[in-house]
Structures are given as structure tokens and as C-alpha cells.
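The values are calculated or read from the model by the stated rules, or taken from the named source; none is laboratory data. Given the structure is predicted, the values throughout are model-derived calculations rather than measurements. Note that each Cβ is placed from the backbone with ideal geometry, even for glycine, and that neighbours are counted across all protein chains shown. Accessible surface is based on the protein model in full, side chains and every heavy atom, while ligands, DNA and RNA are left aside. Shrake-Rupley method; radii C 1.70, N 1.55, O 1.52, S 1.80 Å.
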Amino acid sequence: MKKKILGFAAVALLTVGLAACGNSSSGSSDSSSKEKSDTLVVGASPTPHAEILEHVKPLLEKEGVNLEIKKFDDYVLPNKALADKDIDANYFQHKPFFNKAVKENDYKFTDVGAVHIEPMGLYSKKIKDIKELKDGATIITSNSESDWGRIITILQDADLVKVKEGVDLETATFDDIAENPKHLKFEHSIDPVLLATTYNNDEGDLVAINANFAYGVGLNPVKDALLLEKDNSPYANIIAVRTADKEDPRIEKLVKVLHEKDVQDWILKKWDGSVKPVDK
């Protein structure tokens, strides 16, 4: 992935160099400048983010924007690529993850709009109903701390745990659990990308998987999860840009198109309601 990013940077540098050289001759400078200003490069997770972007690509072309999509399979490189100006925007992360990344890395980023929510689900190959969950069962979650409060909220809604009074569920950790009547054990050292493999390997009693990775192994959160987060989840996936570019017309057109009713209806139909569009 790093080689791809460096390669893109080299191409971008060459393009800028050619554009600069073109300034000395009439005719070529206008063409280079137009190509650069009309192309919007967005980094995205393969599913569903990149698929959604592919769907709106023709709509953006009608608006004069050439959308280029760069796929990322992890949760670190898309923000680094945005900070390094290898891409113009990214679309892969939910708002709490974004807030944490900005704070920890001092990124000068802005959230320009939420697009959809992918419900977090807990899956099992060992039981068919959550009522079958045994005392001392192991729950495997990701090592992404920004997901922990999300998972704890699902468990609390199911009356499996209760957090300490006054704790903000959005930032809660497993140390904040005050009541755990089933003596559940939590394993939270797995990279999010590997959770679906962990599930397929029949590890643990419950595995919490982000919806985009669940889709990759044929799981539908609405149909297959034993526990699923509620619709009022604050974990909407957003479009992030460098703050200096937040009023870029290309970005504004992208956000506008993603919120069009036809696009949102397509998202609901495409993923059988398990990817839920956000209208703002």
C-alpha cells in the first residue's frame, strides 16, 4: 500500500511539473490546469465505501468532476494519505474514530458530512441465539479503541454488562464495565481487518465485526448478527478533507450527490437495509 501511495505521489509530482512547463507555451497550460482542478481523488475502504463512490461517479461527471477512487484495506493509511496530500478526501471512518485520529495526530482535517451508518454486529458460529451464551464466554473485538464503546453499548443494551455510572458510552473501555453477570471475557488485540477471519476460524464465542468486513465474508449484519447496534448509533461514516479544502467546489458536489434521494435509496436496496444512509 505504501508503494502505491508513493507511486501516486510521484505521478502527481510529474503532473505538476508538466503543468508548470506548459505555462511557457500557449494552449497546453489551460488543459493541464483544467485536468487538475476537475479531478477529485478520494481514498476509501473497498466495501461499501468504494462501491458507493463508483455508483456516484457518473453523476459527478455530469457536474464536471472526474472522481478517482483509491482503495485502502486498513484504518491508518487513508488519514496519512490525506495529510500527505496524496488524496483530496477520504471516506472510510466513523466520526468517533475521526475525532480520535485528529486529536492524536494533530491532523488539520474537517468532517464535511456523514454518508451512512454500518451497524456493528456480534456474530457466532457456536450459538444460534444470544440466550445460549454461556457463563465465562469469550468476546473477541478489534484493537481499535474507538470501537470499544460501541461494542459495550450493544452489550449493555442486551443486558449483558453495565458500565460505571457517569461514563460516556462513546469513549468507554472494558475497564469501565461495573457489572458483568455472565463473567464475559474480552479479547481485544485483533486488527479489525482480521476479525472476519477470526470468525471463520471459529474463535471465541462472539466476534464483533465492522459491517464492511462482515460483507466481505458474506455476512449480512441485519440477518446474521446475534446482536446488532441500534439505529440511533453516532457512528456514521463521514467524508473527511483537509480543513483548507473544506469549501472546495468538488468536495461540495461530492457530498451533495451522496445525499441525493436516489443514491440513498440505492444504498438501502444494494445492502438490504444493512447499510443505512444518513441525510446530512
* From the backbone phi of the stretch 49-66, what are the Karplus-calculated ³J(HN,Hα) couplings (6.51 cos²θ - 1.76 cosθ + 1.60, θ = phi - 60°) in whole Hz, Gly and Pro given as x? -> 4, 5, 5, 5, 5, 4, 5, 8, 4, x, 5, 6, 4, 5, 8, x, 10, 8
* Inter-part distance where the stretch 191-209 and the stretch 35-85 are each reduced to a Cα centre, Å -> 28
* Asked: Roughly what angle does helix 145-157 make with the longest principal axis of the chain, taking Cα atoms, 0 to 90 degrees, to the nearest 10?
  -> 40
* Backbone N within the stretch 210-242 under 20 Å of label point (7 Å from D84 Cα along the Cβ vector) -> 240-242
* Along Cα→Cβ, 7 Å out, is where each label goes; now give me the distance between the ones at K223 and D265 in nm to one decimal. => 2.3
* To do: Report, in whole Å, the centroid distance computed from the Cα atoms of the stretch 244-258 and the stretch 109-180.
  => 33
* **Difference of contour (0.36 nm per residue) and Cα-Cα distance, E54 to E68** => 4.1 nm
* Asked: Between the helical axis of 249-258 and the dominant principal axis of the chain, each derived from Cα atoms, what acute angle in degrees is found, rounded to the nearest 10?
  -> 40
* To do: Report, by chain and number, residues whose modeled amide H sits under 5 Å from the one on G121, excluding near sequence neighbours (fewer than 5 apart, same chain).
  => I209, A211
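Accessible area per residue of the chain at 1.4 Å probe, in Å²? The partial results should precede the final answer.
On the way: 14280 Å² over 280 residues.
Normalised by residue count, the accessible surface of the chain is 51 Å².
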* Residue-wise, which Karplus ³J(HN,Hα) couplings in Hz belong to the stretch 87-93, taking 6.51 cos²θ - 1.76 cosθ + 1.60, θ = phi - 60°, and x for glycine or proline? -> 9, 8, 7, 9, 8, 7, 10
* Structure fact -> Of every hundred units of 1.4 Å-probe accessible area on the stretch 155-234, the number belonging to carbon and sulfur atoms, as a percent, is 44
* Structure fact -> Summing -39500 (n - 2.57) over every DSSP H run of at least 4 residues in the chain and dividing by its residue count gives a helix-only mean residue ellipticity at 222 nm, to the nearest 500 deg cm²/dmol, of -11500 deg cm²/dmol
* Structure fact -> Counting sequence-distant residues (5 or more places) and residues on other chains, those with an amide H built under 5 Å from that of I140 are E187, D205, L206, V207, A208
* Structure fact -> With Cα coordinates, the longest principal axis of the chain makes an angle with the long axis of helix 261-270, in degrees rounded to 10, of 50
* Would you grab the residues whose amide H sits under 5 Å from the one on E68? Only those 5+ places off in sequence or on another chain, please, with H modelled 1.01 Å from N. => L40, V41, V42
